[in-house]
There are 2 protein chains.
Amino acid sequence: MTQNTVTADWIAVDWGTSNMRAWAMSASGTVLAEATSDQGMGKLTKDGFEPALLSAVGDWINGPTTVIACGMVGSRQGWIEAPYVATPCGTLPDGLVEAPTLHTDLTVYVIPGIKQTNPADVMRGEETQISGFLARNPGWDGVICLPGTHTKWVHISADEVVSFQTFMTGELFATIANETVLRHSIAADGWDDAAFSAGLDMGISRPERLAARLFSLRANGLLNDMPGNAARAQLSGLLIGTELAAAKPYWLGQQIAVIGDSGLSKLYITALATQAAPAMQVNAQAITLAGLTTAYKRMKG
Amino acid sequence: MTQNTVTADWIAVDWGTSNMRAWAMSASGTVLAEATSDQGMGKLTKDGFEPALLSAVGDWINGPTTVIACGMVGSRQGWIEAPYVATPCGTLPDGLVEAPTLHTDLTVYVIPGIKQTNPADVMRGEETQISGFLARNPGWDGVICLPGTHTKWVHISADEVVSFQTFMTGELFATIANETVLRHSIAADGWDDAAFSAGLDMGISRPERLAARLFSLRANGLLNDMPGNAARAQLSGLLIGTELAAAKPYWLGQQIAVIGDSGLSKLYITALATQAAPAMQVNAQAITLAGLTTAYKRMKG
């Protein structure tokens with residue numbers, strides 16, 4: 001018989017489209033162990049979630065165990081749909097939804113996402129990060145930027161999500177770099193700070209020219225041997241600059257926090273700095289766990 | 001022995017990345033026959049062009065025959081590179097380049113493309129269409145829009161290409177509709193005029209918001225059951241509107257001609273009409289042939 005090396009008091013789970021990350025937690029909120037899995041929501045059918053979870057964290061379960069999960073696990077294609085809560089609302093909206101389980105010791109709660117009616121917008125997972133940030137920064141008012149595939153700008157006031165706007169910037173970067181004619185001009189990696197800055201300036205000052213600047217990257221490759229790493233950095237600058245031009249009503253004159261992958265967050269902070277808008281950088285993974293912990297504590301009352 | 005049903009005096013060829021189209025021409029410029037092939041430049045290596053051409057038009061060759069070709073056949077990856085001629089230049093730039101052939105009766109000339117140094121830009125094939133248009137409209141000054149995968153706006157004055165700008169609008173439409181999360185929200189076909197108009201207004205008035213409007217299409221699908229044909233039309237409107245906002249220095253107060261696929265041209269003409277900018281529609285295929293004919297006549301002196 002195998003001895004559990006870790007017994008979780010409860011388990012925190014960040015379950016996105018591509019991956020799942022779980023933490024074995026003590027009652028006092030200490031991390032006892034960590035696990036990751038590539039069994040993201042996108043790869044699973046409804047009855048595949050429980051086996052995927054148990055395969056990753058089953059060893060931590062020794063008696064009745066509560067799981068708190070956030071992210072796409074609560075989407076219509078997820079384990080169970082946790083319907084969006086409408087803005088304005090608390091950053092960790094009420095309405096945890098219990099997912100069906102076969103394992104008798106397992107109780108799984110999914111955190112709902114947030115929706116905005118007009119303009120139509122949705123988030124799932126980010127509400128938990130925002131909640132974690134506010135748990136660590138009580139009473140904070142301002143704007144949180146969460147860069148990623150679908151970058152969010154979120155206006156926070158009096159502990160509520162007042163409004164938010166999503167930009168498809170990250171997905172546009174990946175798709176344009178990999179699926180268009182620019183794939184011949186853009187390196188798979190590498191960087192050039194000056195090219196990023198030039199793209200940023202173009203994007204902020206003339207955002208309407210995006211589709212023309214994109215073709216210029218191709219033409220500069222053909223005519224001027226623009227290096228692939230410079231084209232890559234300039235594309236990133238163009239897209240982030242265009243986003244900043246549109247998100248100005250969000251960030252102008254506001255206290256700003258950037259929560260995300262460290263490399264991408266730095267690009268946004270650099271970009272905001274050129275507009276005299278200082279921003280604080282927040283580690284995404286730690287703040288997600290803080291948000292899941294807040295949800296667990298609230299559920300326990 | 002097979003009898004040729006058609007003997008071409010010369011052959012006109014429009015050879016793009018995806019397809020090839022050829023016309024058997026009489027000395028006086030009458031079309032005797034037409035052929036198409038899916039052997040585009042993108043599928044051929046250098047020594048594959050002559051066999052591909054002969055497979056499509058070999059029956060028309062009965063004695064020494066001249067071929068005039070335009071398009072990507074003259075790119076670096078084509079039959080032979082016909083180096084770009086720099087703006088400002090004639091619409092049919094000098095410098096036909098002869099391609100190597102094995103068939104002793106075959107003489108093939110490729111029309112060079114046009115490049116612009118700053119901002120860096122290139123065209124290949126469009127110069128022939130522009131030339132055909134000017135042959136039919138002598139002395140015409142104004143702006144020609146050539147919508148497509150890479151839409152061109154070209155400023156024509158005194159029979160010269162003064163400047164031009166390429167927008168990756170068509171390729172963005174296809175890539176965003178097929179390769180991003182919007183593929184779940186956008187129908188493969190279908191249309192909605194009101195949604196196109198709404199997208200157009202958004203694109204023209206707030207072009208910087210493109211990446212946010214894209215995600216709104218997804219959110220409107222999730223929250224408001226926006227139909228896929230409406231999402232498709234709105235995406236088209238958004239992208240064309242954003243392009244018009246940037247191309248305003250080209251079209252504002254100018255005589256405008258639109259050369260392209262008939263459906264796409266109509267969208268551009270509708271869009272320009274909302275800006276009180278009337279434009280004439282020109283059939284792309286007929287005008288390409290007119291341009292190839294102009295090049296042939298000029299070569300014959």
Residue list for region A:120-145, filter: in a loop (DSSP other than H, G, I, E, B), within 20 Å of the chain's Cα centre (by Cα) and over 21 Å from residue A:265 (Cβ atoms): A:120
Top-ranked residue in region A:75-113 [being assigned to a loop (DSSP other than H, G, I, E, B) and hydrophobic (A, V, I, L, M, F, W, C); ranked as nearest to the other protein chains (Cβ to nearest Cβ)]: A:82
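Given the criterion closer than 27 Å to residue B:160 by Cβ and among the polar types (S, T, N, Q), identify the matching residue among B:75, B:28.
Details: B:28 fails: closer than 27 Å to residue B:160 by Cβ.
Among B:75, B:28, only B:75 is closer than 27 Å to residue B:160 by Cβ and among the polar types (S, T, N, Q).
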Scan region B:202-222 for residues that are among the hydroxyl-bearing types (Ser, Thr, Tyr) and either under 21 Å from residue A:174 (Cα atoms) or at the interface with another protein chain (Cβ under 7 Å from one of its Cβ atoms) (or both) and jot them down. B:216
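Test of understanding: among A:8, A:35, A:27, A:56, which residue is surrounded by 23 or more Cβ atoms within 10 Å (Cβ to Cβ) and either in contact with a strand residue (DSSP E or B) (Cβ under 9 Å, 6 or more places away or on another chain) or more than 30 Å from residue B:224 (Cβ to Cβ) (or both)?
It is A:8.
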Would you check which residues across region A:235-261 are more than 12 Å from every other protein chain (Cβ to nearest Cβ) and in a helix (DSSP H, G or I) and list them? A:236, A:237, A:251
Return yes or no: is residue A:225 more than 14 Å from chain B (Cβ to nearest Cβ) and acidic (Asp, Glu)? no
Please pick out the residue among B:273, B:290, B:247, B:279 that is closer than 27 Å to residue B:139 by Cα, surrounded by fewer than 20 Cβ atoms within 10 Å (Cβ to Cβ) and at pLDDT 95 or above. B:273
Residue check: is residue B:230 within 8 Å of chain A (Cβ to nearest Cβ), of a type outside the set (S, T, N, Q) and farther than 16 Å from residue A:175 by Cβ? no
Those residues of region A:101-120 which are in contact (Cβ under 8 Å) with a residue 24 or more places away in the chain and over 30 Å from residue B:213 (Cα atoms), in sequence order: A:101, A:102, A:103, A:105, A:106, A:107, A:108, A:109
Considering only strands (runs of 3 or more DSSP E) fully contained in region A:1-54, which possess at least 1 residues that are closer than 18 Å to residue A:111 by Cα and of a type outside the set (Lys, Arg)? A:10-15, A:20-25
Mind listing whichever residues of region A:156-198 are surrounded by fewer than 21 Cβ atoms within 10 Å (Cβ to Cβ), within 30 Å of residue A:291 (Cα to Cα) and not β-branched (Val, Ile, Thr)? A:157, A:158, A:159, A:160, A:163, A:173, A:174
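The values are calculated or read from the model by the stated rules, or taken from the named source; none is laboratory data. The structure displayed is predicted, hence computed values, not measured ones. All Cβ positions, even for glycine, are placed from backbone atoms using ideal geometry, and neighbour counts span all protein chains on display.
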